[in-house]
Amino acid sequence: MSDRTSILAQPMRPPGPGRVVACLGFFALGALVGVAGALVQPGGFPGGLLLALAGEAGAVLGATRVLRGRAGGVAVAAGWMLAVVLLTASRPEGDFLFAAGSGSYLFLLGGIAVAVICATLAPGRQPDGGPVRLAK
């Protein structure tokens, strides 16, 4: 038997200050990607939409790789969602960013789906160390 306890049996610790700062930075990156995607997606229906969704997927997957866990992807997805939801509201002057067309709805719903898929399919946080094989 090993002296080390399982990672699941260890008490939870709050994240370090570097991880918190990184998550806040990824949140801001997600908001920036959301605003950029909202501006790019109407510029040529299939191409702009695919570019906006690919940018979001890249940001979410990149953040999960950098932090070696799902927290980075969730931070990017939360920033994207907040920015896009705030951009859907119309202003008192009557201005709005999203038209009532299929491209806007595909961007909103597709972006949510891309964020959820990329954040959940990313590998979870793993303990440091070599691979372990079960004893026979």
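The values are calculated or read from the model by the stated rules, or taken from the named source; none is laboratory data. Just so you know, these numbers come straight off a predicted model, no measurement behind them. Virtual Cβ from ideal backbone geometry, glycine too; neighbours counted across all protein chains shown. Heavy atoms of the whole protein, side chains included, go into the accessibility calculation; ligands, DNA and RNA do not. Shrake-Rupley method; radii C 1.70, N 1.55, O 1.52, S 1.80 Å.
A few notes on this one:
- Selection within the stretch 65-78 - assigned to a helix (DSSP H, G or I) and over 8 Å from the mean Cα position of the chain (by Cα): Arg65, Val66, Leu67, Arg70, Ala71
- Checked against (1) modelled with pLDDT of 85 or more; (2) under 11 Å from the mean Cα position of the chain (by Cα); (3) not aliphatic (A, V, I, L, M), Gly110 passes all but condition (2).
- Arg68 vs. criteria at positive phi and either open to solvent by 30 Å² or more (accessible area, probe 1.4 Å) or modelled with pLDDT of 85 or more (or both): yes
- Picking from residues in the stretch 9-38 that are of a type in the set (Gly, Ala, Ser) and more than 30 Å from Phe107 (Cβ to Cβ), the one that is least open to solvent (accessible area, probe 1.4 Å) is Gly16.
- Residues in the stretch 39-62 that are of a type in the set (A, V, I, L, M, F, W, C), open to solvent by less than 70 Å² (accessible area, probe 1.4 Å) and over 15 Å from the mean Cα position of the chain (by Cα): Val40, Leu49.
- Among residues of the stretch 1-35, those that are of a type outside the set (A, V, I, L, M) and either touching a Ser or Thr at 6+ places or on another chain (Cβ under 6 Å) or at pLDDT 85 or above (or both), counted: 6
- Search result, residues across the stretch 36-62 that are at pLDDT 90 or above and either touching a Leu at 6+ places or on another chain (Cβ under 7 Å) or not in a helix (DSSP H, G or I) (or both): Ala59
- Neighbours by Cβ (under 8 Å, 6+ apart or cross-chain): first from the stretch 80-93, without any contact (Cβ under 8 Å) to a residue 60 or more places away in the chain; second open to solvent by 90 Å² or more (accessible area, probe 1.4 Å) and assigned to a helix (DSSP H, G or I): Ala83/Leu32
- Here Ala119 qualifies as out of contact with any Cys (no Cβ under 7 Å at 6 or more places or on another chain) and either assigned to a helix (DSSP H, G or I) or at pLDDT 85 or above (or both).
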